[in-house]
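These notes concern the structure reproduced below.
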Amino acid sequence: MMFYSEMKVNTTNMKKNTTKIILKITFILFICFCFVSNAQIIDSNHQQEITPTSVYKQMQRVADWQIIHFREKYSGRDKPHHIADWTNGALYVGMTKFAKMAKDDRYWKWLKEIGTTQKWQLHWRKYMADDHVVGQMFLESFKKFKDSTMIIPTKERLDWIMQNPSQQPITLDNYKHLERWTWCDALFMGPPVWAKLTKITGEQKYTDWMLKEYEVTRQHLFDKEDHLFYRDNSFIDKLDHDNKIFWSRGNGWVFGGLTLLMDEYEPGSKPYEYFKEIYLKMAKKLIQIQTPQGHWSMSLLNQKYYPTPETSGTSFFTFGLAWGVNHGVLDRATYEPHIKKAWNALNSHITPEGMLGYVQPIGAGPDKSFKDQTEVYGTGAFLAAGSEVYTMYGGQQIYQISNPDYIKSPKTGMTREHWLDMAQYILEGAFSYVNDIDDPLKFPKLGDVSYPRGDWQIPVEKLEGLCRTLFVAAPLLKENPDLTINNIKIADYYRHNILNLIDENHPSFIKDKEKDWPGQTLVEFGALAISFFTIPEVVWEPLTQEQKDILARKMISYGDGATVPSNWKFFNIFVLSFFKSQGYDVNEKLLVDYLNKSLNHYRGDGWYNDNPAYDYYSMWAFQMYAAYWSEVFGNKYYPEIAKKFKTNFLDIKDSYPYMFSKDGKMIMWGRSISYRIASISPFPFLGFYPEETKGINWGWMRRISSGVLSQFLQHPKFLKDGVPTLGFYGEFDPATQYYSCRGSVYWMGKAFLSLLLPKDNEFWNATENDGAWDNKLTKGKAYNKFFKTSEIMLTNYPDIGATEIRAWCNVPITGVKEPFRGSENYNKLAYNSAFPWQADDPSGIVSMNYMFKTEVDTIPYEPGRLYTFKKFKNGVYYRDLKSEIIEDVLINLADIPLKNGILRVDKINAKKPLDFILGHYSLPHINGYIKKSVQKIKNKEIQIIDNGQYQLAVIPIKGWDVVTTKTTSGLHPEAKESTVINTRAKYKPSQKDNTYITIMLWKKSGTPFTIEELSFIKKIESEKNNKQIIIMKNDNSKHIISFE
């Protein structure tokens, strides 16, 4: 009877499954170009970079493959493993860890179905540790679902064992004694169940019993010289090629089990320190015997005689080592190289379908493994390893969609209930820093750009945390005034801390405005006034009249006065409007003046100018504020002004939806991008005007909005320590402005004001769809939307489902107060939803921009930023680009969006020789690598890069001297490393032709560029003294570029 853990070696080849390939392959590691002149290479002189995104993707591929192939036969067995068998129990350990990380709850449901089928019963042998391991999943399921039926059978079994302890000896003796932990695998199977039960029930007896038995096994099987475990007593004193025999997976079971055990105890406790001592000895030994390839040999001390890779033991060791680094038990500098090497080795053995190969079949010691064989416990070990590697490389807990509704929301699964859950998810992170009602909402500083830069800024920092998190809390409190988080009653907390603002003896006290300039306090009081409008019954009406009067005086002192000539006027407007609605005397003349001045910022097609820029402030500020102000105040008190705001607001329905990708991703563009999801705040407010929006595609509006929420709340770097980062995805200083602190990010909470819409509003109930992408935006061409007054152009690219924007930027960086207005936040030639922008490299590497080499030591390379719009005609977007630093340098720019890229025709005008560079979009190493290839077609050298998600190509049609591929570090918002293709030339005023023609292409990974895609230009003609360029294409269509 061979049904215990690994009692017999079986090397029968597992049959390949050739009929059941169901999983969609999300990315392919190696793609063959049929016409490549130079072989593709991985861009790395070192091991592949590890990113949370790449780890998650690999884990999901492996998990999905295993679920599909769950009931197949493994290890040469004549039937599938029993669902409660130890093999599957080990799988469930890893699957449970992935279930906690996943974007929705499908993996939890899969595990729950297994438990339900098994009636939450351990396997049939009462004492046998192998039959207990499934209990680990049962106990974790109880933690998730709070259903006591999930743990009662396990508790009853362990109680019975303690009441009826086995009398067998601790020696396995050729499998005669299986009732105690007589083989090292058992230390993974059994002890964590006992530890988890102590944690759940609070009953120490389970730990006491487990520790006693564990110590007996340790004394029996642990080698005190090599700090490794013998598999069982049959291996003690045996040698193989003069070396002791320590089985890799056997020690993997122990090492992985130690981390599972330490997870259940507090550091410093007796059990924790007991397991830690064993763990540290093993960890030190393991890194000494790792193979150069990154694996651990099946016989740990006999690498020479067991050279074949084996992934289950390696996975367990990777899991254990990464856990140690994450918990501060192991030194990162010492252990990370070994973990990185091991993780990359494991990934090299995953098939394109998602199967983990080289898993040694069921056995009891070192043997063989095969490239095309796997086992369920190998998958479990890999998923466990991935869960810790993900964390080690910055991966954070993401929002998990529970019970997605793919009938109402076939694209995202998200409903209004999920929006409420997301809001609470964000608020819970904020309140993890609040242990007492008097604790401020003050969060750890992030990066080098944000404030506070001194103690003098701390009061307003705390004010930001208070007023901006209230944006998130307000709709939740509207639904549930008794909301409690971290044992704090949220309504009480905000009332208490609002009153602290008027308490002269409290550190959070804010003085009345004393000078003309209101500063950041005006912004936060504007936000507070919005929340007063939203939930007056919670945060305003319970105050005493005296408290109201003091607060009114203070806030009005900031609202009644100077402001910034931008969207800031709305902060004055909301303060004055709220207190007018409460019967206080306010400066109505100033209020009306600021309202009319705000209207004057409008430029048509939904766009307001925020003095001087166009950016998301058009939408998440002007449009959102105006719509909400009209709803809560303006329609009653100033109906004519509200009517004008409404007319402007309704314009967005025909323009703004086109600014998002097909799958609802927003473009990284403009300042304050850390507000992220605030970009969707106008869409739900269209519901304020049911009569005027009868023809609107509400399903598309919600699809975009939920897509943006998922874009960030399900990104592994969106949060850090429970708080949204300052950046786009993760922390990213180039996208952070000096006026931001960590709490500033909660301005994104405006997105959740949409929850104030009634539940029966069409925004919540229409069926999700892809809107114009389903019918108007068909593949095979690019679609431009040009807005004449704002001079903004949106381009939709159906072939990859992306959207691009070209907009105003004409701000120098020298001698100005706000140099960020001329930074990468605005200065790119274009911004694309598929390719978040890369920061400029001062050494001369640039993406989606021109860069000039200067003779200035402090600014050796100058990226373009002084653009002047000229015209949009016949599908061509014309601008001029002027150098700020070099005199008499001007480039006439012509952008022609193609179905899969951009055709650039640019003319250089310079009186002196000019060394300049042009960059394509950049690709982050999100999958840990970049692949480069070089094509030569029609004597043109074409550089191609591929990161497993997208591939980019640059074709230097005319004028360029050299094309290079550059990899940089720390300049991209998605990954530490990124790669970009640059073209470079040295222009001489004496040359006859000053025209430079470039094709920048993109395509999703998986299908190589074709020759036709890389060589579609038939000929180029020049007319009218080179002021008109005619480009003929192979299909006889043409582009006419006229610089007249």
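Annotations for the structure displayed:
- Contact map, the stretch 624-645: first residue at pLDDT 95 or above, second residue among the acidic types (D, E), Cβ cut-off under 9 Å, separation 6 or more or different chains; pairs are A642/E631.
- Whether a residue is small (G, A, S), outside any loop (DSSP other than H, G, I, E, B) and farther than 24 Å from G394 by Cα was assessed, and S312 passes this test.
- Screening the stretch 859-881 for residues that are touching a residue at least 60 places away in the same chain (Cβ under 8 Å) and among the aromatic types (F, W, Y) and picking the one that is surrounded by the most Cβ atoms within 10 Å (Cβ to Cβ) gives Y877.
- Whichever residue in the stretch 547-567 is farther than 14 Å from K513 by Cβ and under 39 Å from the mean Cα position of the chain (by Cα) and, among such residues, is surrounded by the most Cβ atoms within 10 Å (Cβ to Cβ): N567
- No other residue among L483, L463 is touching a residue at least 60 places away in the same chain (Cβ under 8 Å), under 21 Å from A751 (Cα atoms) and either crowded, with 18+ Cβ neighbours inside 10 Å or in contact with a helix residue (DSSP H, G or I) (Cβ under 9 Å, 6 or more places away or on another chain) (or both) apart from L463.
- Any hit, the stretch 860-867, residues being among the small types (G, A, S), in a loop (DSSP other than H, G, I, E, B), assigned by TED's automatic domain parsing to the domain that holds Q951 and modelled with pLDDT of 95 or more: yes
- With respect to the conditions (1) touching a residue at least 12 places away in the same chain (Cβ under 8 Å); (2) farther than 28 Å from G378 by Cβ; (3) hydroxyl-bearing (S, T, Y), S148 lacks only one, and its number is (1).
Quick grid of which residues meet (1) without any contact (Cβ under 8 Å) to a residue 12 or more places away in the chain; (2) among the acidic types (D, E); (3) under 29 Å from G970 (Cα atoms):
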{"residue": "P716", "(1), (2), (3)": "no, no, yes"}
{"residue": "E731", "(1), (2), (3)": "no, yes, yes"}
{"residue": "S740", "(1), (2), (3)": "no, no, yes"}
{"residue": "A772", "(1), (2), (3)": "no, no, no"}
{"residue": "G780", "(1), (2), (3)": "no, no, no"}
{"residue": "Y783", "(1), (2), (3)": "no, no, no"}
{"residue": "G801", "(1), (2), (3)": "no, no, yes"}
{"residue": "R806", "(1), (2), (3)": "no, no, yes"}
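- Residue pairs meeting the criteria (Cβ under 7 Å; at least 6 apart or on separate chains; first of a type in the set (V, I, T), in the stretch 421-433; second assigned to a helix (DSSP H, G or I)): I426/V472
- Restricting attention to the stretch 272-322, the residues that are of a type in the set (S, T, N, Q), surrounded by fewer than 24 Cβ atoms within 10 Å (Cβ to Cβ) and in contact with a strand residue (DSSP E or B) (Cβ under 9 Å, 6 or more places away or on another chain) total 2.
- Some residue of the stretch 692-714 being modelled with pLDDT under 95 and either touching an Asp or Glu at 6+ places or on another chain (Cβ under 6 Å) or over 26 Å from A839 (Cβ atoms) (or both): yes
- Residue in the stretch 940-973 that is nearest to K1003 (Cα to Cα), counting only those that are crowded, with 22+ Cβ neighbours inside 10 Å and among the small types (G, A, S): A953
- Wholly enclosed strands (runs of 3 or more DSSP E) of the stretch 726-830 bearing at least 3 residues among the hydrophobic types (A, V, I, L, M, F, W, C) and under 27 Å from W1002 (Cβ atoms): 792-797
- Test: residue in the stretch 563-570 that is in contact with a strand residue (DSSP E or B) (Cβ under 8 Å, 6 or more places away or on another chain), modelled with pLDDT of 95 or more and farther than 17 Å from F431 by Cβ: yes
- All told, T314 falls short of being farther than 24 Å from M262 by Cβ and assigned by TED's automatic domain parsing to the domain that holds R249.
- Options P507, P542; residue that is closer than 25 Å to S581 by Cβ and over 34 Å from the mean Cα position of the chain (by Cα): P542
- Counting the residues of the stretch 1013-1030 that are modelled with pLDDT of 90 or more, surrounded by 13 or more Cβ atoms within 10 Å (Cβ to Cβ) and of a type in the set (D, E, K, R) gives 2.
- Count of residues meeting criterion [surrounded by fewer than 18 Cβ atoms within 10 Å (Cβ to Cβ) and closer than 25 Å to V632 by Cα] in the stretch 497-519: 1
- Flag for I886 being in contact with a strand residue (DSSP E or B) (Cβ under 7 Å, 6 or more places away or on another chain) and not in a strand (DSSP E or B): yes
- Of the criteria (1) in a loop (DSSP other than H, G, I, E, B); (2) over 30 Å from T854 (Cα atoms); (3) among the aliphatic types (A, V, I, L, M), which one I1020 fails: (1)
- Scanning the stretch 579-620 for residues that are small (G, A, S) and crowded, with 16+ Cβ neighbours inside 10 Å turns up S581, S598, G606, A613, S618.
- Qualifying residue in the stretch 448-459 (condition: in the same structural domain as R742 (by TED's automatic domain parsing), among the aliphatic types (A, V, I, L, M) and surrounded by 18 or more Cβ atoms within 10 Å (Cβ to Cβ)): no
- Candidates in the stretch 229-260 are the residues that are in contact with a strand residue (DSSP E or B) (Cβ under 8 Å, 6 or more places away or on another chain) and of a type in the set (A, V, I, L, M); of these, the one that is nearest to A129 (Cα to Cα) is V254.
- Filter result for V586 (assigned by TED's automatic domain parsing to the domain that holds D651, touching a Leu at 6+ places or on another chain (Cβ under 7 Å) and part of a loop (DSSP other than H, G, I, E, B)): yes
The values are calculated or read from the model by the stated rules, or taken from the named source; none is laboratory data. Remember, predicted model here, so these are calculated numbers, not experimental data. For neighbour counting, all protein chains shown are included, and Cβ atoms are generated from backbone atoms with ideal geometry for every residue, glycine included.
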